[in-house]
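The values are calculated or read from the model by the stated rules, or taken from the named source; none is laboratory data. Since we're looking at a predicted model, the values are computed, not measured. Don't worry about glycine lacking a Cβ; one is built from the backbone with ideal geometry, like all the others, and counts go over all protein chains shown. Ligands, DNA and RNA are stripped out before the accessible areas are found, and what is left, the full protein with its side chains, is counted by its heavy atoms. Shrake-Rupley method; radii C 1.70, N 1.55, O 1.52, S 1.80 Å.
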Amino acid sequence: MAIKRALISVSDKTGIVEFAGELAKLGVELVSTGGTKTLLEQQGVPVIGISDVTGFPEILDGRVKTLHPAVHSGLLAIRDDAEHRKVMEELGLGYIDLVIVNLYPFAETIAKPDVEYADAVENIDIGGPTMLRSAAKNHAFVSVVVDAADYETVLAEVREGSDTTLETRKRLAAKVFRHTAAYDSLISEYLSAQTGEEFPERYTVTYEKVQDLRYGENPHQKAAFYRKPLAGAGSIATAEQLHGKELSYNNINDANAALQIVKEFTEPAVVAVKHMNPCGVGIGSTVKEAYEKAYAADPTSIFGGIVAANRPVDGETAKLLHEIFLEIVIAPDYTPEALEILQAKKNIRLLKLGNIAGAERKALPMVTSVEGGMLVQDSDVHAIAESDLKVVTDRQPTEEELKQLLFAWKVVKHVKSNAIILVADDMTVGVGAGQMNRVGAAKIAIEQAADKAKGSVLASDAFFPMSDTLEIAAAAGITAIIQPGGSIRDEDSIKVANEKGIAMVVTGVRHFKH
């Protein structure tokens, strides 16, 4: 068979004039619609209108033009079926061998901050997906192109054999159904949000591939990185990489963990992360001071880690970062001097994210895979203020202790449960993460803090079902504690805290993280 007639209707006109022109030179009759037809005519590409095929005008402001039997019979007819050929001949219908279609820019429309609902709905394509699906279903005979990246492949095969190969048509058809599925998913997501459907009876999401990864968590696991089509600024998915090797699966996970923590702070803050947990967090009057505290929190674990700052990195800070091996540095920006210093290291990844200090944080859906299904929940963006705290002990925390407790609470919510954080002097001094019991987490944090535990404050991601953690904390010289409260045995812990002179506040909110 040979490609003799092509139907072209594209919103994204990248490369279409050149592609259509080459098809015309190969003797392919071109049929087009609306703005695409006008563009091709202006560029001297021979083309006929869709109304010449259907015998029916484009109507309703172009809403109805290709939804016609003359179009879809030409796409869906089975060419080696005698009955189909007979019907086509009796009705005087022609075949369409190639479809080049991309869809109304729905994603670009709803990405506008001031988009009107009616404008979004008007940009839901109907005829385009219908033609694509018809052509893709009949890919045994019809070629269908939805991506300009495939133009050259189609041209090369038509030049060589007057038609595309069945293998290519299968591949193009699969891409079409991925494309229309993603398009419909974005529409359903938008409309569901407009009607307040948080967890509908069917949950569909779509992502676009950013890159293939060398491997997953381990070398024997395959992996790729995807992002949501409308991923917001200030995320790893939209970060600009200024320098260094490609990000790995573990790099991306760790970088995201660091970013989520540093977003908690409005003052200059630096977070160091290793294996999804913070090994050091510091705040200060400058980014340099904040980094010095994050580094001092755990000079051993930060080696080979990820560092995130919520202020631009300057030259003085870059000199300190340059002194140790780091996988990634994340920041809103870098001064020219900082870039020159950091780029001297060939492999360090430098990510630029724009303004990430104190930006409004919205609860977005988080999807976690389980075998045979998935879990969906809102992201944990809950924040507390000093006025939200309830003091449950005889001793009131001092003003400085309250400051450190609020700092510790911002960090502990991002540490794997069971989690205990010790904080002093605007920096973490001990991190106990991911333990099967809270006492174990406390022991790890206190051991790491060593002498710095004395006079520090403690944050726990969940309540104390027993008083044993309080007793360990008191023995280490911890002076104040922040925890959710809510255990049926809260009084046991409060009693110990009173006996030891520890101030304790409860938040009424827990921060489990698994």
Exercise for the section: Eight or more residues apart or on different chains, and alpha-carbon atoms under 19 Å: count the Lys pairs in region 326-482 matching that. Expected result: 12
Handout entry: Local electrostatic count at ALA318 - Lys and Arg +1, Asp and Glu -1, tallied over other residues with Cβ under 11 Å
Key = -2
Problem - Amide hydrogen neighbours beyond the local backbone of VAL313, cut-off 5 Å, H modeled - result: ASP333, TYR334, THR335
Exercise for the section: For the chain, with all protein chains present and a 1.4 Å probe, just round the carbon and sulfur fraction of the accessible area to a whole percent. Expected result: 52
Problem - THR507 - accessible surface, heavy atoms, 1.4 Å probe, Å² rounded to 10 - result: 20
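From the C-alpha coordinates alone, can you work out the Kirkwood hydrodynamic radius of region 132-271, in Å?
Taking every pair of different Cα atoms in region 132-271, averaging 1/r and inverting gives 18.7 Å.
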Handout entry: Distance histogram for region 84-179 (every C-alpha pair counted, 5 angstrom bins, percent rounded to whole numbers)
Key = 2, 13, 19, 18, 15, 13, 9, 6, 4, 1, 0
Completion exercise
To the nearest 20 debye, region 125-224 has a Cα-centred charge dipole, built from +1 on Lys and Arg Cβ and -1 on Asp and Glu Cβ, of 340
Practice task
Tabulate in residue order the Karplus-calculated ³J(HN,Hα) for region 413-419, using 6.51 cos²θ - 1.76 cosθ + 1.60 with θ = phi - 60°, rounded to whole Hz; enter x for Gly and Pro.
Solution key: 5, 9, 9, 4, 6, 5, 10
Practice task
Pop out the ³J(HN,Hα) list for region 93-108 in order, Karplus 6.51 cos²θ - 1.76 cosθ + 1.60 with θ = phi - 60°, rounded to Hz; leave Gly and Pro as x.
Solution key: 9, x, 7, 10, 9, 9, 10, 10, 9, 10, 9, 3, x, 5, 4, 5
Practice task
Would you please classify the overall shape of region 402-451 from the alpha carbon gyration tensor, given that a ≥ b ≥ c denote the square roots of the eigenvalues, rounded means a/c under 1.5, and beyond that prolate means a/b larger than b/c while oblate covers the rest?
Solution key: oblate
Exercise for the section: Count the lysine pairs in region 130-280 whose Cα atoms sit under 19 Å apart, keeping only pairs 8 or more residues apart in sequence or on different chains. Expected result: 10
Completion exercise
Here region 369-374 yields Karplus 3J(HN,Hα) values (6.51, -1.76, 1.60; θ = phi - 60°; whole Hz; Gly and Pro given as x) of 7, 10, 4, x, x, 8
Practice task
Collect residues whose amide H, placed 1.01 Å from N in the peptide plane, falls under 5 Å from the amide H of ASP461; neighbours closer than 5 in sequence don't count.
Solution key: ALA419
Fill in the blank from the handout: Rounded to whole Å², per residue accessible area for region 361-464 with a 1.4 Å probe reads 50
Problem - For the chain, Kirkwood radius (reciprocal of mean inverse C-alpha pair distance, Å) - result: 26.9
Handout entry: aspartates and glutamates whose Cα lies under 14 Å from that of LYS513, excluding same-chain neighbours fewer than 8 positions away
Key = ASP378, ASP380, ASP461
Completion exercise
Amide H contacts under 5 Å for VAL99, restricted to residues at least 5 apart in sequence or on another chain and with H modeled in the peptide plane, are LEU7, SER143, VAL144, VAL145
Completion exercise
With every protein chain kept in place and a 1.4 Å probe, region 201-291 has an accessible area per residue in Å² of 51
Handout entry: Rounded if a/c under 1.5, otherwise prolate or oblate - region 228-346, Cα gyration tensor axes
Key = rounded
Practice task
Might you work out the accessible area of TYR203 for me, using a 1.4 Å probe with all protein chains in place, and round it to the nearest 10 Å²?
Solution key: 70
Practice task
Can you give me the span-like helices of the chain, meaning DSSP H runs with 18 Å or more of Cα extent along the axis and Kyte-Doolittle mean at or above -1.0?
Solution key: 166-194, 249-262, 399-412
Exercise for the section: Only loop residues by DSSP count here, and only those with at most 11 other Cβ atoms within 10 Å; note down the GluC sites (Glu not before Pro) in region 252-337 that meet that. Expected result: GLU323
Exercise for the section: Quote the charge dipole size of the chain about the Cα centre in Debye, to the nearest 20; the model charges only the Cβ of Lys and Arg (+1) and of Asp and Glu (-1). Expected result: 900
Handout entry: Debye-sum result for region 252-293 in log10 I(q)/I(0), which assumes one identical scatterer on each alpha carbon, at q = 0.19, 0.31 Å⁻¹
Key = -0.48, -1.01
Practice task
Note down the magnitude of the dipole of region 412-479 about its Cα centre, charges +1 on Lys and Arg C-beta and -1 on Asp and Glu C-beta and zero elsewhere, to the nearest 20 debye.
Solution key: 160
Practice task
For region 118-197, run through the GluC sites (Glu not before Pro) and keep only the ones in DSSP coil with at most 15 other Cβ atoms within 10 Å of their Cβ.
Solution key: GLU197
